[in-house]
Each structure stands twice: as structure tokens, then as C-alpha cells.
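The values are calculated or read from the model by the stated rules, or taken from the named source; none is laboratory data. In this text, all values refer to a predicted model and were calculated from it rather than measured experimentally. Here the Cβ is made from the backbone with ideal geometry for all residues, glycine too, and neighbour counts use every protein chain on show.
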């Protein structure tokens, strides 16, 4: 068949050749990709004719042409078409093709298959490897922020390897998970934090982003309903790289850099200096009616010799000056080395890689190391049969710390510790003699310098074996079996001398977590074209999954030697504990796609899921979707509209579910472990609910994809996602002995508009400039809730945003007395100095942004490229949970405060928001849940800027390289915040709560990538 | 050839795999957790009763309950305790400025009701056991009735005004919970109703328990009687109070410590006068949150003994042995710390009820009934146990009652009694040795009662907040 085609082409060519014999010339040339690799089988046609040829195995071609000049049209699947002018004098050409910018011919991975972009009926966005590779971030989800409309991805903690929160089209649940489902090479995998003693961790950080070919985000029902009860929060499909047939390609990617705080020095929370603290110390006691002499006496009792005073409290000399925050701050180092090989033949193709990645936070101790390797192998013994195996191994080592209001949190204790307490004692050890009056003698500098440990290592092995067999023409059977094994070993140690281990002579906790996730998927796929215009494909499948996680926790105390930290050295073992937890899913699913003349598309999917997570009465659920699209640009009436390149209208409607709750929440449970006096005990631990089932989400989506004037492309999309039967830990009267009951209760709607625009403003051979961006307007509303739920700082109330703050409204400081004031109610007409006369109310502020997104620009001139990406979020509020302690106006004697307290009220007439300073507090001025701690989080941040230079092929080939690229990159180099006095990093957790975490990183790095 | 493979092998396999869903899913989807049993069938045997009873005691160990706050909070509100300079925990109670968001109040409320649910799990289990062990089952249920009574008694003390606050005892008490109902939103019963329930549960407890319980870490018949003595004392039922105190004293199971053994007994898990104490082992130690560590230098050391009580103790009294010098203290803070719960490594037991209290209850009950000789005898016994050379008490009338009150204050200091004694005698708190912001709180006062947690008011529309705490 193929031979016949070639023969006919050749024959035709010969005839044409003869016909125009009188004037002709020969063109020779090569066709390569952007990196200089030959493209085999590229089509070269003389424009406006059927004259042409294809490139051979070296990418070269030769063509005899009539006349003196011609224009060649060069095409290759997946690459942008290119026109090249040739003539009898310009008859030797090197043509390099750029990978397709026009996204409408891209192959997109979707649930249980792949499709062409133009065939999509659902809302699907893809990120390709170039946007992920060598970004100095620990995990791939971090790279999604700002790149995909409708998706928020935040860490809220700069700890390398921290958990990343991803929300696709808003928060869809109250108590259940709002995290999307992660699918790697077709396998739903464990994501998030599975550790027990670490503050934050991310199993996904085991994946080397350089191994990723594409990340595809599925957003609407047409795309996600095939994932049934786990599709409601969206699905992130990650496809790893595979080999292409051709010469082996070796790539070495290296990068080194430095990490600092993402917010500039002037915008950080500052600790008090010794002088400031000493002044406030005396003032704090004097404001309790004590004499200055008595206050000095107290000071000298706490900090003997730290400060020399005059007779009336004048500070004459500071003898001890400790800046605890400065002492734990460093410039972190990051480095990454990645070596990969790929290639193959028609029968075997491979991609193999090994990499090392290391990232240090700007806080001492905090860091991450990753070692990973991957082998993706595909064997195709004949046309009908394919076997592939993707195997990856990785090891993560993370060194972390506490956050929140724990004394072990260095960014909490570091502010509290009085600057007149020395860091080192007179023996040169880390000082710990303040334990009798100061937070257990915690010393964050010592703790993070090796006196304590909080770390884990994680080994993850993922193997994904599949076989495809073509049973008949158009009919394929596929069986895929995957195993995902995660082994986590945590080690937590507190030294005997100071801090949390002091009373038990040191203690340690060792944790082992073993997770095995297996999944088997069997599918049959049939596709056929009827009567040339009707294209149908259908899929049916069965899938079973079981996940089992086992944990062992052991603790011991009484350590003889602070260097020997394994539990064998602990004189007193205090805990031996193990448990396991499991879940299963069993599902059948089907999808049918139909199109007429590649113009009108219809898709439908259905999935029936059963899961162990749900009550016996409601164990199975069925989810479905319908999608339609219309490629208007294919219509005759638009063919002549020259400025329209692409135009597609699509819409979808359907349901999916959210099964993201605990494994046994439907069961009424009597749990053990509540021992007494060495004898085992059990207690009711869970009320249970046999009717418990998944949340149902009903999704509507309508979108328009367009390409205009040959340079502008984009998508406008409206979505509405109604989540019903919300799994809700509904607060119940604690007189029952429980504080909440998990029920399917309540409804919520996320609706919004997503706009994505990309423009190739200049597009020439040696110079190109493109800009792009996306914006998402998101509206969240609780649509059904029988009773209000007050959850810490927030209220869940019908008709309001899920993340609406519910706080006492702080009215500042009474200028006459220096005491705090609050508004009594939402009329804000009356102020009170007594918190018990104030009420909390809704003031319309929420942690949900009004709009968010990203902007990017890329400039290429010859081999030089300059890329920049901005991310932004507007209208979201942040609540500083630790401020009531760190800026507590002296409520916690004698803990230091921050420089914000320097603006405190001192004398009648002072106008300020900071009340006067008094040890023991000032009339509840630091009460929780008030707007004094609420800040506007609106910001724009330069997420990424990269300047790169690709050395000319002519140069690199001389030293035997295929390609070489050097670059400099900056992450989070610049941040603008709407609130000019904001002292926190504006990129916080989705819930807007800031708990004194490790600061987000600013990274400057330099890289060299070489291809062989 | 290929067609044959397709027909005979692959196609059936594919179909089979697709059909697996029907065959194995039911069993595949039925999973049970590793650390828990079905709640509805949790108690099937005597051993299950035992486990549930242990779980109930375990609840009493919480730092929100007998592990710390339920003892600490009333003491810091009283005139026995003053605040160290860096006192940061129960300070809002010490200064009488707690608000409805208070975490300690919420912790106590939730924890104590959780203990009630644990007790109800035992009481309401309708499980038959062999006749040979029926008495053991009854014993367990008796323990549960006593714990349920104790928990209601503790809640009504901390969250409601004292019994005699209104003449008919008709002021708001706390919700009574005797059965588990996840939907219940109970209103507050009156204090009278709550006390009636407490008495009824304790009497039920006494009647169920027939086995001698030698281990004071568990509730015995005498524990229930001792609690009946205390509850009746609070109610002013003097005859009943005396009767139950006498039963415990005469049981022969307990004896007063000798003078030399007294101070050291606080280092021990229990002593000959322990009737019921909450025991701790290293695995249920509350760590920095243990009661004793609020006082000792190795812990938070937030609270110090007030000279108001220390000054009452005569020179040479064995009870001065529960203090310890701290050279780092000076000035108004004094020089000593409370060392009644001295162990920095393993949490000391919290005494719930001791024999000496029975003598002091009886002394007061006898004095109120006019038996002054008997009262003098009881109070002298306790006083001379502390200081053998002390004079016998000979006062009468109000003087005798004052002597009893003083002895009670010294004997039971830092065990969470003082505030309730002041309340039932309708006295305010007047601190002379005072390091806090609030030194005098006159009686009556809304602030002697903790706020109902806002969370509960939000979740339970029938719950009425205590006066003085806003809406």
C-alpha cells in the first residue's frame, strides 16, 4: 500500500519533470527540529502544486523544480508548517521546524486515552515539558500556578518539598478533600502528605519534573466524569517521557543557584533589638503600676548582666544582643543534575534518566534532596502488539521544622526569644538556661544546627506495565497493571538539655510508613469510520484499585548521649504503635466519541464506582457526561473569513463525585489505645453514618476556542460547578461527646469565567516575541446549609463565599487611653473597649480571590531567549494566626514581640492601631478572630524570569554536541502587594491562614544544558 | 491463526476481566479499620466491659480534665495561687477576663462530656454475661455510674453557679446526658435537677458495686460514698454528708498517713489515704501540659503559692513539705514553689478524693448539726496529723466553722477545692498576696462561672450562655 503510494508519487513526479524540462533546477536541503535533530519523513511540497517529496533518515531531501524560483511548503506532524523560498541560486537550504504553536493539532492525553486537541469537547489545558523542565521547584504542581486558567496552586510554606495545594475551579467541598486526582501515566496515585511527625511533605515531590512530557489538567465534566467519584475536584494527568525512534539522544542538564526570602528584607517581620526589648520590658511592668526600680529588678532576675542600667532605668550599656531570626537565616544553595538518554527503533523505544536535585531554604536546616531514576521502555514485536513498562525509583530526604504556634517553630520562637538571651552559653554550647522562665529553653539556632532532628526519607517505586493488542481492525484490548510503593521513614529527636526534650532527658520518635497501591485496568477500544463522514470510537473498561498504608510509630526517652539518637539508646521506650488503613475502588466505565466530518463532535461518558469508603446503603454511584463541540472554522460560510484561523464552540454537562474523605468515616467505631494504668481501653471514636456517600458535583461548561489574524489565539470559558450532598463534618453539640458528625449535607456552587489569550506579536526567523496570559474570575457561594457553621476565623453560611471571614471588627486604639476598641456590631456605629460587648460579623472579606491568573512573555532573538512569567491574585485576605502572640502587646510575659509593637500607643493623643504595651496583656487586645490580624493579600509576583542563550549548531557540532544552552533564571524576584505594610509573604495557603511557616523562596540560578 | 487466538483466548479473557466487577466487588469493598471495632457491638463480653471502663478512666487523664485544667483553673481563680511573671496559660481565668472564645473552657466542656459518653457506653450496653461474673459486670457499671456522676458534678461546678446560688436551686445548671443521641441539642437543666441526677447515679453506683477494690486508681464503692459525702456537703444535706463520710472512714480500707510519711506520699502514685486518684504512666503523661508542671520549675512554672494560704500553715507542719525553695524567685513572687506534684518525668497522680477530706466533711457536717465535740475531734485529728504538737481545736460556733475552713484550705490546697468552698459559703475572692491584675472579686459575681464555649452555643440553639459573657 505504502509502496504503491510512493510509486504513484514518483510516477507523477517523473511526468511533471518531463513536462517542464525546459527550465529547472535542483534544491537540496535538510529538515530538522529546533534542536537540530533531523526530522524523518517530513513532507516538502512546492506551494500550489502537488509536486513534492519526503525527507530521508538523515532529514535530507532533494527536489528538482521547474523555473527559476519556487516556494516550498514544509510540513511535519506536531510541528508548525513552514514556507521557504528557493531559487536556482539559493538551492541548498537548512530548514528547522518549530514545534506546533497552533495548539489545534496537538495530541492531548485524556482519561483512558488520548485525542487531538481539535476533537476535545471538554475543558482541558496542557502544559508541555519546556514549561516544566529545569524550573528550580521541588514538585511539578508548583509549576502550574499562573499557567492554567482556573487553577490555583500554592504551597503556603517555603519548606522545600512542602505539600502543594491545588484547587481547580475553586473549593468544591467543606470537609472532604478539595485536591484534584493525580494520574501518572494512566494510574491514579497517592498525592499530598502522608507523614506523621513532619509538618509538611509531598509524596509528589518524588517525581522528577524533567521526566515529564506533559501535564494535562481536566476541568469540566466531559473531561473528568470518566474518573467518576474522584473527578469532582478536577484531574491532573501527568505523562512521562518516552523514546522516539531515531538516533540516541543524550541530554545533560545542570543547574546551580541560591535561595533567599521571597519577600524583601524591608517587608519582613522584624524582631526587637535588645534596646527596644529592654525599654518595652520596663514599660510593660510600669504599665502594671510597678516602679521602674521594681521593673529593673525583674529584668535583672530574668537576664542577669544583660543590660547595665542607670538608677531610673536608663539603658547605659547592652551586653547581650542576639538576633535570633538573623541567626537562623542563611542563603540556601540549590543544585540539580539530570542525565537522560532516549531513542529507539521501530520495535523498541526507551527513555532513561537519572537525576539529583537539592534545595535549601533560606532557614538553616530546612532542605530537600532528591535522587531519582526512570526507565520507560516500549516493545512492539509486531504491528498489533505493544508492551510497555514505565519504572521509576526515587528517594527524597527532607529536613524540616515546625510551623504554627509551637515552641519548636523557629520562626515563632525566634521572634519571642528575648534579644538579651545569649545564643551560646559560656561553654560554647547552644544556650539553654532560660528554660525555667522562657518557653522550655527552646533555642531554635541550636535546634536547627544539629541538636535536634525533624526529617524523613521517602523511597517511592512506581511501576506501570501494560500490554495492548489489536484484536481486529479498529478493536484494541489493553491491560494495564500498576504498583506504587511508598516507604517513608521519619525521625524526630529532641535533645536532653533544652527545649521540648528537657524533662525526659531527650526523646525521639521514629515512624515507618509503608504504602502499597495497586491498580488494574482493562479496556476495550473500538473505532471506525462509517460512510466516510461518521467517525465513532468507543471505550469500555473495568478497573479495580486497592490502597493499603501501614504505619509503625515508636518513641523513647531518656538518652544517655546526645550523639546517639536511635531508639536503642533510649533508656525508656514509651510507645510502640502500629496501624493500617485501606481503601478500595471497583469501577466500570465507558466513553463514546462521535464526529461528523470532523466538524460536529459529540462525546458521552459514564462510570459506575463502588468504594469501601462509603456506607453500605450508598456504596455505588453512577456518573455521566455529555459534551458537544462545533468547529465553526470548518464551515463553508467561515472559510472565506480570512482573519479566522480557528474557531470552536464547545459545551458540556455532567456529573462526577468527590470521594476524598477518611477511609472509615461511615463506620460507627469503638477505637482502642485509650489505655489506663497499663490496661487496654477502648472508647467510642466515631459516630459513623451508614448512609454516607460521595459528594455529587454537577458541571456545566461552555467555551470558545479561537485563533485570529494568524497571531492571536485564546479561549473564553464559563463554568458552573454545583457541588451537592457535601460531605460535612457538621458541628454538633459537644454534650454528645463528639464535636462533629460527618454527613452528606449542604450544597455549594463555584462559577466563573476563564480567559486565556496568547499573541505571537512578532514571528520572524531570528526574532520573535509573544505575550500571553490568563485570568479567572471565581465566585464561590454556599447555596444550601441548614445552619451556619462557624469554623475558627470563618463562617459557612448560605449565600456567602465558603471562605468568608467572621471576625470581631477591630476599631483601633482609644487615643485617650491606649486600650483596644471594637465595633459592637455590623452597623459599625458603636465602639466598645470590652470584647464581651462586641460581636463577630461578616464584613464581606474572604480568603477566596476575586480573580487570579498569570501573565507571560517570551522574546527570542537568534539564539537568545528571554522568558518571564507573572502570577497574581486579587481580593483575597490573609489571616495571621500567630500575630495574636507575636504582636500581643505583652500578653505573654516576658516574651519578646516584633517591631510592629514599636508603633504602640505611649501617651494620650497618640493615634495608632497598636495598643499600649503591658505584660499580661491589655484588655484582650490580642483576642483571637479579629480583623486586627486580617490583611489584604492582593499581589503580583514575578514568578519566573529566564535569560537563555542557545549556542549556534555550527559551533556546538564542532565539539560533538547536538545542542548547548546556558541560562540564568530567577524565581520570585519581585513582588508587589496592594497592602504596603504587609509583613508576610502574600502567597499563602488556600484558606488564607498564615502560620509562621518557612518563608517562600527567591531563587537565582544558572544552568547549562547540553545535548549529545 | 490470529483469529483463532482471538476467539479462543483473548476475547474470553477480556470479557472475564470486565465481568470481574460483578463477582468480587462486594467483598472487595468491605473493609474494617485496624484499630477499632464496630461501635454497635463493642461490648460483647466482660473483657469488653473492662476495656470500655479503662477507656472511661483514660478520659479523666486529659490535660483538660483531671490531668490539669479542671484542678488548675479553680485554684488560679482562688486566693491560694498567684501568677508567676510569665504565667501565660490559665491567666485569663486568674484575672477573671476569660471570654467565650476561651480554649480552656472549650477544652473542659468537650472533654468532660466526652467522658460522660464513655460512661454511658458502659452503662447502656445491654450485654448479658454468665451468672458467675455478673457481679464483675455490675462492678464495672457501678464505676461508670460514679464517673458519670462525677463528670456532671464537675461540669455543674465550673459552668454554673453553685448549688445554693438561688433559693430553689432553680438557676441554670448544665445539660444532663444519660444516653447517646447524635442529634440531641439539650437545654440546660436546673442545678437542682443536675444534683438530683448526680445523687441518683452515685446511689446506683454504691448499690451495684460489691467487689472490694484495693486499687485506688479505680472507683470503688467507697469512692462513690465519698463523692456522695462531698455532694451532700455542697447541698447542705449535713446528715447525709456525715453519714457517707462515716461509711468511708469506717470501711477500714483507708488510713491517715503518719506525720513523717505525709510529704513524701506526694511522690508516690498513691498512699493509704487515697480513695480515688487518676494514675498516669509515662505513655499517658501529659508532658508540659501536666498539672504539676504548671507549678514546678522544670515545667512551665506559671503559678506560685500565695502567702495567703502559706501563711496559714504553722511552722513545723508536715504540709509545708509540699513546697520547694526556688532561688530564682524574688520579691513579690516569694521564694517557694508548689511541689505537691513534683515529678518532672512521669506525671504524678491527681487525687480526686482522699480520706482526710472525709474527716473534714464530717467535721463540718457535724458542726452544722450541732455536734461540736465530734467536729472538734475530726478537725483536730487532721491538724495534729500535720503538726503533732498543735493544740486540739476547742472553738465552738462560728469559730469552730472557721477552724474547719482553715484546716480544709491547708489540707486540700492545690487540689482544686478552694474556689468551690468559697462559693458554697457565698464568699468572694480577696487576694492579699496578689501578682495579677485582678485581686478582689466580690460575691456574687458572673465571673465565678466559666463561659459556655461559643462553639457549643453556635451548634446548639437550646444552649443559653452564662450571664456576663455577651450573647
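Kindly evaluate residue A:621 against the criterion of being in a strand (DSSP E or B) and within 14 Å of another protein chain (Cβ to nearest Cβ). It is true that residue A:621 is in a strand (DSSP E or B) and within 14 Å of another protein chain (Cβ to nearest Cβ). Filtered by the rule that a residue be assigned to a loop (DSSP other than H, G, I, E, B) and at the interface with chain B (Cβ under 10 Å from one of its Cβ atoms), region A:641-679 gives A:662, A:663, A:664, A:667, A:668, A:673, A:674, A:675, A:677, A:678. The residues listed here are A:565, A:608, A:616; of these, the one that is over 34 Å from the mean Cα position of the chain (by Cα) and either buried (at least 17 other Cβ atoms within 10 Å of the Cβ) or in the same structural domain as residue A:226 (by TED's automatic domain parsing) (or both) is A:565.
When the residues of region A:680-715 are narrowed to those that are assigned to a loop (DSSP other than H, G, I, E, B) and away from chain B (no Cβ under 14 Å), which ends up modelled with the lowest pLDDT? Can you show your working first?
Step one: of region A:680-715, the residues assigned to a loop (DSSP other than H, G, I, E, B) are A:680-681, A:687-694, A:709-711.
Checking the rest, the ones that are also away from chain B (no Cβ under 14 Å) come to A:709-711.
Details: A:709: 88, A:710: 85, A:711: 89.
Out of the qualifying residues, it is A:710.
Scanning region B:446-462 for residues that are in a loop (DSSP other than H, G, I, E, B), over 17 Å from residue A:839 (Cβ atoms) and under 23 Å from the mean Cα position of the chain (by Cα) yields B:449, B:450. The set of residues in region B:389-444 that are in a strand (DSSP E or B) and either in contact with a helix residue (DSSP H, G or I) (Cβ under 7 Å, 6 or more places away or on another chain) or touching a residue at least 24 places away in the same chain (Cβ under 8 Å) (or both) comprises B:429, B:430, B:441. When region B:171-192 is examined, which residues are found to be facing chain A (nearest Cβ under 7 Å) and in contact with a strand residue (DSSP E or B) (Cβ under 7 Å, 6 or more places away or on another chain)? Hit for region B:171-192 is B:182, nothing else.
Which of the residues spanning region A:406-430 are surrounded by 21 or more Cβ atoms within 10 Å (Cβ to Cβ) and more than 16 Å from residue A:271 (Cβ to Cβ)? Once the filter is applied, which keeps residues that are surrounded by 21 or more Cβ atoms within 10 Å (Cβ to Cβ) and more than 16 Å from residue A:271 (Cβ to Cβ), region A:406-430 yields A:408, A:430. Against the definition (more than 13 Å from chain B (Cβ to nearest Cβ), in contact with a helix residue (DSSP H, G or I) (Cβ under 9 Å, 6 or more places away or on another chain) and buried (at least 22 other Cβ atoms within 10 Å of the Cβ)), how does residue A:733 come out, yes or no? The answer is no for residue A:733.
For region B:88-112, filtering for residues that are closer than 19 Å to residue B:67 by Cβ and over 21 Å from the mean Cα position of the chain (by Cα) leaves 1.
Here A:32, A:51 are screened, and the one residue that is in contact with a helix residue (DSSP H, G or I) (Cβ under 7 Å, 6 or more places away or on another chain) and either without any contact (Cβ under 8 Å) to a residue 12 or more places away in the chain or buried (at least 16 other Cβ atoms within 10 Å of the Cβ) (or both) is A:51. The residues of region B:44-58 that are touching a residue at least 12 places away in the same chain (Cβ under 8 Å) and more than 7 Å from chain A (Cβ to nearest Cβ), listed by number, are B:44, B:45, B:46, B:48, B:49, B:50, B:53, B:56.
Applying the selection to region A:750-801, what residues are within 14 Å of chain B (Cβ to nearest Cβ) and buried (at least 20 other Cβ atoms within 10 Å of the Cβ)? Break it down stepwise before answering.
First pass over region A:750-801, keeping only residues within 14 Å of chain B (Cβ to nearest Cβ): A:785-797.
Matches in region A:750-801: A:785, A:789, A:793, A:794, A:795, A:796.
Scanning region A:357-375 for residues that are buried (at least 17 other Cβ atoms within 10 Å of the Cβ) and over 30 Å from residue A:421 (Cβ atoms) turns up A:357, A:358, A:359, A:368, A:369, A:370, A:371, A:372, A:373, A:374. Any residue in region A:326-342 that is touching a helix residue (DSSP H, G or I) at 6+ places or on another chain (Cβ under 7 Å), touching a residue at least 12 places away in the same chain (Cβ under 8 Å), on the phi > 0 side of the Ramachandran plot and buried (at least 17 other Cβ atoms within 10 Å of the Cβ)? No, region A:326-342 has no match at all. Here region B:76-90 is the region considered, the condition is being farther than 17 Å from residue B:427 by Cβ and in a loop (DSSP other than H, G, I, E, B), and the residue that is farthest from the other protein chains (Cβ to nearest Cβ) is B:90.
Taken as a whole, region A:802-822 holds at least one residue that is within 26 Å of residue A:911 (Cβ to Cβ), in contact with a helix residue (DSSP H, G or I) (Cβ under 6 Å, 6 or more places away or on another chain) and more than 14 Å from every other protein chain (Cβ to nearest Cβ). So which residues in region B:30-62 are surrounded by 20 or more Cβ atoms within 10 Å (Cβ to Cβ) and in a loop (DSSP other than H, G, I, E, B)? Listed by number, the residues that qualify are B:42, B:43, B:61, B:62. Scanning region B:103-113 for residues being farther than 13 Å from residue B:457 by Cα and within 10 Å of another protein chain (Cβ to nearest Cβ) gives a total of 4.
Criterion first (farther than 22 Å from residue A:850 by Cα, within 14 Å of another protein chain (Cβ to nearest Cβ), touching a residue at least 12 places away in the same chain (Cβ under 8 Å) and not in a loop (DSSP other than H, G, I, E, B)) does residue A:741 satisfy it? Against the criterion (farther than 22 Å from residue A:850 by Cα, within 14 Å of another protein chain (Cβ to nearest Cβ), touching a residue at least 12 places away in the same chain (Cβ under 8 Å) and not in a loop (DSSP other than H, G, I, E, B)), residue A:741 qualifies.
Checking each residue in region B:20-43 for being modelled with pLDDT under 80 and at the interface with another protein chain (Cβ under 8 Å from one of its Cβ atoms) picks out B:20, B:21, B:24, B:25, B:35. For region B:418-434, the criterion of being surrounded by fewer than 21 Cβ atoms within 10 Å (Cβ to Cβ) and within 14 Å of another protein chain (Cβ to nearest Cβ) is satisfied by at least one residue. Kindly indicate whether any position in region B:65-75 is in contact with a helix residue (DSSP H, G or I) (Cβ under 7 Å, 6 or more places away or on another chain), in a helix (DSSP H, G or I) and within 14 Å of chain A (Cβ to nearest Cβ). Scanning region B:65-75, I find no residue that is in contact with a helix residue (DSSP H, G or I) (Cβ under 7 Å, 6 or more places away or on another chain), in a helix (DSSP H, G or I) and within 14 Å of chain A (Cβ to nearest Cβ), so the answer is no.
Can you find even one residue in region B:328-351 that is without any contact (Cβ under 8 Å) to a residue 24 or more places away in the chain, in contact with a strand residue (DSSP E or B) (Cβ under 7 Å, 6 or more places away or on another chain) and not in a loop (DSSP other than H, G, I, E, B)?
Of region B:328-351, the ones without any contact (Cβ under 8 Å) to a residue 24 or more places away in the chain are B:330-331, B:335.
Next, from what is left, pick out any that are in contact with a strand residue (DSSP E or B) (Cβ under 7 Å, 6 or more places away or on another chain): B:335.
Those still in the list that are not in a loop (DSSP other than H, G, I, E, B) too: none.
Looking through region B:328-351, none of the residues is without any contact (Cβ under 8 Å) to a residue 24 or more places away in the chain, in contact with a strand residue (DSSP E or B) (Cβ under 7 Å, 6 or more places away or on another chain) and not in a loop (DSSP other than H, G, I, E, B).
Of the helices (runs of 4 or more DSSP H) contained entirely in region B:208-327, those carrying at least 1 residues that are over 19 Å from the mean Cα position of the chain (by Cα) and over 30 Å from residue A:557 (Cβ atoms) fall at B:238-250, B:259-265, B:307-310.
Exactly one residue among A:290, A:321, A:297 is in a loop (DSSP other than H, G, I, E, B), surrounded by fewer than 19 Cβ atoms within 10 Å (Cβ to Cβ) and touching a helix residue (DSSP H, G or I) at 6+ places or on another chain (Cβ under 7 Å), and that residue is A:321.
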